[in-house]
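What follows is one structure encoded as structure tokens, with my remarks underneath.
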Ligand SMILES: [Zn+2]
């Protein structure tokens with residue numbers, strides 16, 4: 001699902017940062033301008049699906065960053 005933000009960023013909704021709004025509502029934050037999108041146009045199930053995909057991608061990015069940063073020379077336990 002592709003979408004553009006107020007700031008002009010265009011990309012997949014799932015590539016935004018997943019955040020909890022009020023600790024109970026899923027929202028996605030634009031990595032460029034910080035705009036929080038509570039996905040009001042989606043029903044609860046669809047929103048959860050998009051949010052979970054976004055969480056998955058965000059964890060993947062973290063894992064990739066950690067690998068790149070350490071150069072793979074970490075000792076194996
Ligand atoms: Zn934006």
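The values are calculated or read from the model by the stated rules, or taken from the named source; none is laboratory data. Just so we're clear, the structure is a prediction, and the values are computed from it rather than from any experiment. Methodologically, a virtual Cβ is constructed for each residue, glycine included, from the backbone with ideal geometry; neighbour enumeration extends over all protein chains shown.
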query = Can you pull out the residues in segment 1-30 that are within 13 Å of the chain's Cα centre (by Cα), surrounded by 14 or more Cβ atoms within 10 Å (Cβ to Cβ) and without any contact (Cβ under 8 Å) to a residue 40 or more places away in the chain?
reply = 11, 16, 19, 26, 27, 28, 29, 30
task = Quickly run through segment 1-20 and pick out the residues that are more than 10 Å from the ligand (Cβ to nearest atom) and in a loop (DSSP other than H, G, I, E, B).
result = 1
ask   = So residue 23 fits all but one of (1) modelled with pLDDT of 90 or more; (2) more than 16 Å from the ligand (Cβ to nearest atom); (3) part of a loop (DSSP other than H, G, I, E, B); what number is the exception?
value = (1)
